[in-house]
Structure formats: structure tokens, C-alpha cells
Amino acid sequence: MTFSHYIEDVVQVIEGIGVAILVIGGVWVLARSAVLYVFRRERTGLYNECRRHLGRVLLLGLEVLIIADIIRTVIVNQSPSSVAVLATIVIVRILLSFSLDVEIYGQWPWQQAGKKSGGKSTG
């Protein structure tokens, strides 16, 4: 077994972890939301809470899948076309991440950082 084969196996494990995060996390959030819907008296905000948690699961799963793509491109498949595909995937992931952050928190990520550090946010 060569080094490339070993790394490809590692990449497949990382991809499996990313998919597991998406599937298990999504099912967990939906099940939790269903339980809260049934047993909570006050249901306002439950939909937004569910969306926020699903968005977080999606972001985490995408991060793990990107790690696998980076490892595969840098170590296993170093062709110009694979680098171009990786660059496209990273750009799409960044756009998804920004849009999910706006959906989850209702503001841009750099505005959140200003609030967390106690500084004034601009924009």
C-alpha cells in the first residue's frame, strides 16, 4: 500500500465523518425540535431555533468535507484541474458559510465579532 492509497483512505474516513455529521446532526436537530414542539407550551421561536441549529450542523459538516477535499487535492491529486475544482468548492463553501451566518444570526460574521469583543461594529 502506497502513501497515496493510505491518504486516500484517510480522506474517505474524513468524508464519512462529514456525512455522518450532516445526517446524525440533522436527524438530532429535527427530533429535538419535534420533542420541543410537543412538550413546550410556548412554541414561538421554535422554528427559528431549529433553523439556527440546522445551519450550524450544515456549516460543521461542510467544514469537515472541505478538509477532505483539501487533503485530497494537496497530497493525492495535484493536477491543475483538481486545484481549480478545489478553488471552486472553497469559494462556494465561503459563500454558503456567509449566507448561513446571515440566516442564523441575522448579521454579517464581522458584525458578530465586534459585538462579542465589546467593540463597536461598523456597517
Checklist outcome for this item: Residue span Leu60 to Thr2: 0.36 nm per residue of separation minus Cα-Cα distance leaves a gain in nm of 17.8 nm
Next on the checklist: Rounding to the nearest 10 and keeping the result within 0 to 90°, find how far the Cα-based axis of helix 3-39 lies from the longest principal axis of the chain.
Outcome noted: 10 degrees
Item to check | Residue-normalised accessible area of the chain, given per residue in Å² at a 1.4 Å probe | outcome: 68 Å²
Checklist entry - Within the chain, what's the longest stretch lacking trypsin sites (Lys or Arg not before Pro) that sit in DSSP loops with no more than 16 other Cβ atoms inside 10 Å? => result 44-119
Next on the checklist: Loop only by DSSP, 15 or fewer other Cβ within 10 Å of the Cβ. Give me the GluC sites (Glu not before Pro) in the stretch 27-92 that pass, ordered by residue number.
Outcome noted: Glu42
Checklist entry - In the chain, carbon and sulfur make up what percent of the accessible area (probe 1.4 Å)? => result 68 percent
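The values are calculated or read from the model by the stated rules, or taken from the named source; none is laboratory data. In this text, all values refer to a predicted model and were calculated from it rather than measured experimentally. Positions of Cβ are backbone-derived with ideal geometry, glycine not excepted, and every protein chain shown enters the neighbour counts. Please note that ligands, DNA and RNA were not included when accessible areas were found on the heavy atoms of the full protein model with its side chains. Shrake-Rupley method; radii C 1.70, N 1.55, O 1.52, S 1.80 Å.
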